[in-house]
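Beneath this line is the structure, given in structure tokens, with notes to follow.
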Amino acid sequence: MSCRPAPPRPYVLLSCAASIDGYIDDASDQRLLLSNEDDLDRVDAVRASCDAILVGAATVRRDDPRLLVRSAARRAERVACGRPATPTKVTLTARGDLDPTARFFTAGDPARLVYCATGALEKATERLGRLATVVDAGEPVEPAWILADLAGRGVRRLMVEGGGTVHAQFLTAGLADELHLVVAPFFVGDGRAPRFVGEGRFPWNPGRRARLAEARQIGDVVLLRYALSDRFTDTDG
């Protein structure tokens, strides 16, 4: 049995907004707005507190997120502390089929990391190598390995913004310290739409309940903050 300590990893905060019935989008071509301006400002503050923001390749393709700190004051505060204006952008891909014109690659000037499965490394490097650092993450891409690599790059606090598959990977692996789940005041009711997470063996179950650290009304949505590990820190943004 190995006595080596576990590799260090960043503090991992998962962030998601969902409908009352657990959907994170609908089945249309347009992005579904689940949050409101006050909550989006809260999310911006959380982003500003982190060293990196991670989304899956499907989220890059579907939502085309910018993943930037919106507030000029927060960006200035980060710079004054010797940090980049916006956290490093991170994505992971099994196939390497990311569009180099996506806003993940073109918006802002933060560092960008693409963790790619070995089999798609050549394709991803050819398409994205001038826009991001493409990292061979093995086959398959494992969240634990990514976290260890991010720690080696100085990332101490990581925000994971989805989508559902990526959230499920971190949750089922027991690699999440905190969950921010915002509940929007409506139903989607369409089985074709993506849900927060799908099936899986999660560490939190009827016999081991996650601890609810906070429930906060923000306009017409509710923020639920769950402590998922003993590393949980009772701060928000």
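The values are calculated or read from the model by the stated rules, or taken from the named source; none is laboratory data. From a predicted model like this one, the values you see are computed outputs, not experimental measurements. Reconstructed Cβ throughout: ideal geometry from the backbone, glycine too, with neighbour counts over all protein chains shown. Just the protein is used for accessible areas: all its heavy atoms, side chains included, with ligands, DNA and RNA removed. Shrake-Rupley method; radii C 1.70, N 1.55, O 1.52, S 1.80 Å.
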DSSP-defined antiparallel bridges as percent of all bridges, the chain, nearest 5: 35 percent
Global form of the chain, assessed from the alpha-carbon gyration tensor, a/c cut-off 1.5: rounded
Integer Hz, Karplus 6.51/-1.76/1.60 couplings in order for the range 214-223, x for Gly and Pro: 6, 10, 9, 7, 10, x, 9, 10, 10, 9
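Let me check I've understood the local charge: for LEU113, count other residues with C-beta under 10 angstrom from its C-beta, Lys and Arg +1, Asp and Glu -1. What total comes out?
Here the count lands on +2.
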Gaussian network model of the chain, springs between alpha carbon atoms under 10 Å - residue of ARG62, ARG157, ARG225 with greatest fluctuation: ARG62
Under-5 Å amide H pairs with LEU32, H placed in peptide plane, nonlocal only: ASP26
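Relative contact order of the range 72-160: what whole-number percent is it, with Cα pairs under 8 angstrom and at least 6 residues apart?
For the range 72-160, the relative contact order is 24 percent.
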Alpha-carbon centroids, the range 59-100 and the range 107-180: separation in whole Å: 13 Å
Rounded accessible area per residue of the range 1-141, 1.4 Å, Å²: 50 Å²
Ordering of 9-15, 209-215, 21-27 by packing [mean C-beta count within 10 Å, highest first]: 9-15, 21-27, 209-215
Other-chain or far-sequence residues with amide H under 5 Å of LEU92's (modelled H): VAL55, ALA57, TYR115
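Out of the total accessible area of the chain (probe 1.4 Å, heavy atoms of protein only), what percent is carbon and sulfur?
51 percent
If I take every Cα pair under 8 Å that is 6 or more residues apart in the range 130-204, average their sequence separation and divide by the length, what percent do I get for the relative contact order?
Computed value for the range 130-204: 36 percent relative contact order.
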Value of relative contact order over the chain, rounded to a whole percent, pairs C-alpha under 8 Å and six or more apart: 30 percent
